[in-house]
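The values are calculated or read from the model by the stated rules, or taken from the named source; none is laboratory data. None of the values given here were measured: they were computed from a predicted structure. Cβ placement follows ideal geometry from the backbone for every residue including glycine, while neighbour counts extend to all protein chains displayed.
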Amino acid sequence: MKLPKVAIIIINWNGINDTIECLESLKKIKYKKFKIILIDNNSKNNEAEKIKKKFPNVTLIKNNKNEGFCKANNAGIGLSLKYNFDYILLLNNDTIVKKNFLNILIATMEKDKNIGASSPKILYPNSEKIWSMGGKNLDTLGISVMIGKGKKENKYKKIVYPDFLTGCAMLIRVDLIKKIGNLDEKYFAYYEDVDYSKRIKKEGYKIVTQPKSIIFHKKSASAGIRGSNKISKIQAYLQMRNSLYLLRKHNPRLFYLKAMLIILFKGGTLFLKSENFNCTKSIYQGIKDGLRK
């Protein structure tokens, strides 16, 4: 059987140590028919050049500014589509993968052609506790929660069919990307994975989380608050704004009534998660921008 070709897209933004650790783990995987495309979002201290020197086989795209998660990934997707790849894997740079994680994901999708995208079971680092088995999304409350979060990893042994797959690790069919297009760059970061999952399902495909495939995620490393349950100002702004944009895009009926619920629930949640409530202005600005057409 012909082995499918996979493009693995990773974004680096001032995270050289995490990126190197991720790339080192990818060097050890059993699946061999893949190419890594690294997009550097204008990192400091010549990080892009240092990574390229250490991993010369990695294809590097160097941006002149921080383009955000969506636009940077789209640059990698655009380059991938010029070549004959069968799948594209979006992978966070602050992840460490198990040796057989990609073999299992590919086998799952090759077995069922109705699966448009899949994700592994994602654990906290050096832990048996789950960070994500995919997510549940409540549009009208602006809330997205990870399935299985904090539970022991052996809790899930069967494939899960979530509302959305996290962009932390998402394997997508190239043929499907050609149908539905790239990530929506208006999000910049956050909720773009919920949006993309909705678009996949609207096309008639399934999305799944495969518990036999496992990776580890350091969580929020790019925001400078690794492993914390607190949020930064930019996270508060983007999550508030994007939850409203997602609602307008996919569930616009009675938008302003539903938006009030999001402002109350999502805004209140973000306020409580901010360090010493220092994100109030960011949340307010997110509400203003999210309500604009």
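Looking at the range 158-171 only, could you name the residues that are outside any loop (DSSP other than H, G, I, E, B) and either crowded, with 23+ Cβ neighbours inside 10 Å or touching an Asp or Glu at 6+ places or on another chain (Cβ under 9 Å) (or both)?
Residues of the range 158-171 outside any loop (DSSP other than H, G, I, E, B): 160, 164, 169-171.
The answer is PHE164, ALA169, MET170, LEU171.
Among the residues of the range 164-174, is any over 15 Å from the mean Cα position of the chain (by Cα), modelled with pLDDT of 95 or more and of a type outside the set (Asp, Glu)?
yes
Here are ILE77, ILE9, ILE39: which of them is under 25 Å from ALA117 (Cβ atoms) and in contact with a Leu (Cβ under 7 Å, 6 or more places away or on another chain)?
The unique qualifying residue is ILE9.
Within the set of pairs 6+ apart or on separate chains, which have a first residue in the range 14-33 that is at negative phi and surrounded by 12 or more Cβ atoms within 10 Å (Cβ to Cβ), a second that is among the polar types (S, T, N, Q) and at pLDDT below 95, and C-beta atoms under 8 Å apart?
The qualifying pairs are GLY15/SER222.
Go through the range 80-95 and count every residue that is of a type in the set (A, V, I, L, M, F, W, C) and in contact with a Leu (Cβ under 6 Å, 6 or more places away or on another chain).
Residues flagged as of a type in the set (A, V, I, L, M, F, W, C) and in contact with a Leu (Cβ under 6 Å, 6 or more places away or on another chain) within the range 80-95 amount to 1.
Being under 15 Å from SER127 (Cα atoms) and in a loop (DSSP other than H, G, I, E, B) is the filter; apply it to the range 207-225 and report the residue that is modelled with the highest pLDDT.
LYS218
When only residues in the range 124-157 that are among the aliphatic types (A, V, I, L, M) and surrounded by fewer than 22 Cβ atoms within 10 Å (Cβ to Cβ) count, which is farthest from ILE263 (Cα to Cα)?
Restricting attention to the range 124-157, the residues satisfying the condition of being among the aliphatic types (A, V, I, L, M) are 130, 133, 138, 141, 143, 145-147.
Of the ones still in play, those that are also surrounded by fewer than 22 Cβ atoms within 10 Å (Cβ to Cβ) are 138, 141, 143, 145-147.
On the way: LEU138: 13, LEU141: 8, ILE143: 11, VAL145: 17, MET146: 20, ILE147: 23 Å.
Ranking the candidates gives ILE147 first.
Can we say ASP289 is outside any loop (DSSP other than H, G, I, E, B) and over 30 Å from ILE29 (Cα atoms)?
When the stated conditions are applied, ASP289 passes them.
So that you can scan it fast, the table gives a plain yes or no per residue for (1) farther than 13 Å from ASN12 by Cα; (2) assigned by TED's automatic domain parsing to the domain that holds ASP184; (3) not basic (Lys, Arg):
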site: ASN66; (1), (2), (3): no, yes, yes
site: ALA72; (1), (2), (3): no, yes, yes
site: GLY76; (1), (2), (3): no, yes, yes
site: LYS99; (1), (2), (3): yes, yes, no
site: LEU102; (1), (2), (3): yes, yes, yes
site: ILE106; (1), (2), (3): yes, yes, yes
site: LYS113; (1), (2), (3): yes, yes, no
site: LEU123; (1), (2), (3): yes, yes, yes
site: SER127; (1), (2), (3): yes, yes, yes
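Among the candidates LEU138, LEU165, LEU89, LEU176, single out the residue that is closer than 30 Å to LEU291 by Cβ, out of contact with any Ser or Thr (no Cβ under 7 Å at 6 or more places or on another chain) and of a type in the set (A, V, I, L, M). Full working, then the answer.
On the way: LEU165 fails: out of contact with any Ser or Thr (no Cβ under 7 Å at 6 or more places or on another chain); LEU89 fails: closer than 30 Å to LEU291 by Cβ; LEU176 fails: closer than 30 Å to LEU291 by Cβ.
Sole residue among the options that is closer than 30 Å to LEU291 by Cβ, out of contact with any Ser or Thr (no Cβ under 7 Å at 6 or more places or on another chain) and of a type in the set (A, V, I, L, M): LEU138.
Note down all Cβ pairs under 7 Å where the first residue falls in the range 58-84 and is closer than 20 Å to GLY167 by Cα, the second is modelled with pLDDT under 95 and surrounded by fewer than 19 Cβ atoms within 10 Å (Cβ to Cβ), and they're at least six residues apart or on different chains.
none
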